[in-house]
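Colleague: Have a look at this one.
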Amino acid sequence: MQDLRIYVGGGAANQGMSIRGVCTTVDEARCLRGIFEEAITRGSDTLWVDCQQLRDVSYVGQQAIFQVEQLARAAQLIIYWCGLSVHLVQELSATGLYLLLRCLPATSYQGPESVRQGATPLVQC
């Protein structure tokens with residue numbers, strides 16, 4: 001799987017996303033940011049992001065994640081990044097981004113289960 005796929009679901013009280021594939025191009029980073037911007041405007045206070053199937057995030061992808069975190073903080077939205085692989089933790093740690101994220105193990109995900117199962121709307125970037 002070499003493309004970026006994002007499943008989105010839940011309401012304002014319990015939002016969730018499942019990010020799968022890779023976020024390595026400028027277009028994928030723009031798409032990722034746009035989807036998060038939509039989630040931020042829904043007015044909830046928490047967003048759960050399942051990252052178990054996210055394989056790679058380039059520097060431009062990390063920039064998008066940093067921007068998303070800044071927008072979320074300004075909107076008083078907490079994003080929980082769940083299930084990052086060891087490889088992704090190393091990538092994000094190399095740039096310092098990992099220190100800014102609220103990372104949890106995959107078992108801590110509390111968003112809609114339908115998102116993790118891929119049974120919600122899919123956005124393919």
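The values are calculated or read from the model by the stated rules, or taken from the named source; none is laboratory data. Note that the coordinates shown come from a computational prediction; the quantities given were computed from them, not determined experimentally. FYI the Cβ positions are ideal-geometry reconstructions off the backbone, even for glycines, and counts take in every protein chain you see. Surface areas here come from the heavy atoms of the whole protein model, side chains and all, with no ligands, DNA or RNA. Shrake-Rupley method; radii C 1.70, N 1.55, O 1.52, S 1.80 Å.
Colleague: Note down the nm distance, to one decimal, between modelled labels 7 Å out along Cα→Cβ at residue 52 and at residue 13.
Modeller: 2.5
Colleague: Taking 41 Å as R0, compute the FRET efficiency from the Cβ-Cβ separation of residue 107 and residue 26 and round it to 0.05.
Modeller: 0.75
Colleague: Counting pairs of alpha carbon atoms under 8 Å apart in space and at least six apart in sequence, what relative contact order in percent does the chain give?
Modeller: Details: 253 pairs, mean separation 43.5, N = 125.
RCO, the chain: 35 percent.
Colleague: Per residue, how much accessible area does the chain show when a 1.4 Å probe rolls over the protein heavy atoms, in square angstrom?
Modeller: Working: 6020 Å² over 125 residues.
With the other protein chains kept in place, the chain gives 48 Å² per residue.
Colleague: Still on this structure, I have one more. At a probe size of 1.4 Å, how large is the accessible area of residue 19, to the nearest 10 Å²?
Modeller: Accessible area of residue 19: about 10 Å².
Colleague: Here's another thing I want to ask about it. Taking just the C-alpha trace of the range 3-125, give me its Rg and Dmax in Å.
Modeller: That works out to 12.8, 34 Å for Rg and Dmax.
Colleague: Compute the length gained on full extension between residue 114 and residue 85: take 0.36 nm times their separation in residues and subtract their Cα-Cα distance, giving the result in nm to one decimal.
Modeller: 8.3 nm
Colleague: Moving on to the next point. First compute the accessible area of the chain with a 1.4 Å probe, then give the percent of it belonging to carbon and sulfur atoms. All intermediate terms of the calculation are to be shown ahead of the outcome.
Modeller: Values: 3120 of 6020 Å².
Ligands and nucleic acids excluded, carbon and sulfur give 52 percent.
Colleague: Protein chains only, probe 1.4 Å: how do 45, 50 rank by accessible area, largest first?
Modeller: On the way: 45 95, 50 5 Å².
Ranked from most to least accessible, the order is 45, 50.
Colleague: Still on this structure, please answer the following. What nm distance separates the two modelled labels at residue 94 and residue 73, each placed 7 Å from Cα along Cα→Cβ?
Modeller: Roughly 2.4 nm, to one decimal.
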